[in-house]
Amino acid sequence: MAMNPFKPTAGKMPPILIGRETAIKEFTEGLDNGAGAPGRIMLVTGQRGFGKTVLLTEFRRIAAERGWETISETASPDVAQRLIEALTPGGLHVNQASVSPSVSIPGIASASLGRIDLSATATPLTLRNAIAKRLESGKIGKGKGILITIDETQAASLDDLVAIATAVQHVTTSIDETDVPDAEKKGIAIVFAGLPSTVNDLINDAVITFLRRALRCELDDVPLLDVKNAFLASVADSGKTIGNDEAWQAARATNGYPYMVQLVGYYMWQSAQRRHATEITADDVATGIADAQIAFDDAVCAPALDGLKPAELEFLHAMARDVPSATVVGEIETRTGRSRSWVNKYRAALIKDRIIQPSGHGSLEFAVPHLGAYLRKRL
């Protein structure tokens, strides 16, 4: 039985990773070029549905293929503590710890005692030791190392980020100071991924200068020609066919948004499958686009608006009246009755958050596909 090749599930690896060749190349070169290479400390940013989690999965695959150990984490509370536990599976030995609810243990504590809460001051040193001891183990070969990927970085606490950044920075420096030839030095690589706006707020904190020096990788829309070619290749590999015009029709509907690529592909393929057909027709593509838009609204458009300020939503509602056309900035002043400085303030904030983008001189458009139509339906 033929299987749908498209995977519109969050974090699921698609059959073809399109439009991310530069990021993959920079990461791969970072591993291959040894300690100190820029690609060993990366910060990946992009809106929801841009493929951040998928890219982290690919990075771990590449690292594992080269003999590196990999650790995958999500930046929920206590992420630094979970990294320590992952690095020391045989037992956690720390300088100072407390076992919930109130027992303090100076000296040495064992993971078998239960949950161990590390103080903010102890965590950087402890994580540093855990990474160093893991690298010293015989399980990691010469010239290899540990890759840590941290998704949803915007959800991390400042204490956790400081702990992780401080530990990695000190371990990297220690490795560099050894007399071992560069080709044989064991290393640490770390990749953070998160939403542009909140990640920018975190790294602008004076304490996180380490993250500012990370190699930035800002995920953007995939070129439509690449999307069209990916549709042709993926459909052919699955045992079905699609014409060039139909592939272009599907590609244009995605606006190059990676998650929308998977949704449109999935639903148009499924439409043909329900007919027991091997050819994806223009009608199948139209059905796929319609179904994809419904799923996209729920998975991307609604979450993109969560957490926005009332003033930002007011700004966006004023823009939504012009969809599918761009909005002249002056019209936002007229429709909202707000001052020029108010409009400039929230225009800058929404552009920074990648919700809207400039569209020619004095005009704006939505950066998230279908978001304008989604808002217009709710006016």
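The values are calculated or read from the model by the stated rules, or taken from the named source; none is laboratory data. Keep in mind it's a predicted model, so treat the numbers as computed, not measured. Glycine gets a Cβ as well: all are built from the backbone with ideal geometry, and neighbour counts include every protein chain shown. Protein only, heavy atoms only, side chains kept; ligands, DNA and RNA dropped before computing areas. Shrake-Rupley method; radii C 1.70, N 1.55, O 1.52, S 1.80 Å.
Table for the structure above
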{"read-out": "Cα pair distances exceeding 20 angstrom across the range 224-301, given as percent", "value": "20 percent"}
{"read-out": "Cross-link table LYS186/LYS228; LYS228/LYS352; LYS7/LYS185, entries beyond 31 Å C-alpha to C-alpha", "value": "LYS186/LYS228; LYS7/LYS185"}
{"read-out": "Nearest-10 value in Å² for the accessible area of GLU333, using the 1.4 Å probe", "value": "40 Å²"}
{"read-out": "Per residue value of the accessible surface for the range 17-74 (all protein chains in place, 1.4 Å probe), Å²", "value": "40 Å²"}
{"read-out": "Inter-centroid distance (Cα atoms) of the range 58-82 relative to the range 211-241, Å", "value": "23 Å"}
{"read-out": "Rough spin-label spacing in nm, given labels placed 7 Å along Cα→Cβ, for ARG66 and ILE24", "value": "1.5 nm"}
{"read-out": "Rounded percent of accessible protein surface that carbon and sulfur make up, the range 307-377, 1.4 Å probe", "value": "50 percent"}
{"read-out": "Accessible surface, the range 307-377, averaged per residue in Å² (probe 1.4 Å)", "value": "50 Å²"}
{"read-out": "Distance between modelled label sites at HIS317 and ALA86, nm, 7 Å Cα→Cβ extension", "value": "4.2 nm"}
{"read-out": "Cα-based convex hull, the range 307-377, per residue volume (Å³, whole number)", "value": "82 Å³"}
{"read-out": "Per residue accessible area of the range 224-301, 1.4 Å probe, in Å²", "value": "41 Å²"}
{"read-out": "Theoretical FRET efficiency, 1/(1+(r/R0)^6), r = Cβ-Cβ of ASN4 and ASP306, R0 25 Å, to 0.05", "value": "0.25"}
{"read-out": "Separation in nanometres of the label points that stand 7 Å from Cα toward Cβ, at ASN33 and ARG274", "value": "5.0 nm"}
{"read-out": "Carbon/sulfur fraction of accessible area - the range 224-301, other protein chains in place, 1.4 Å, %", "value": "49 percent"}
{"read-out": "Accessible-area value, ASP159, 1.4 Å probe, nucleic acids and ligands omitted, Å²", "value": "100 Å²"}
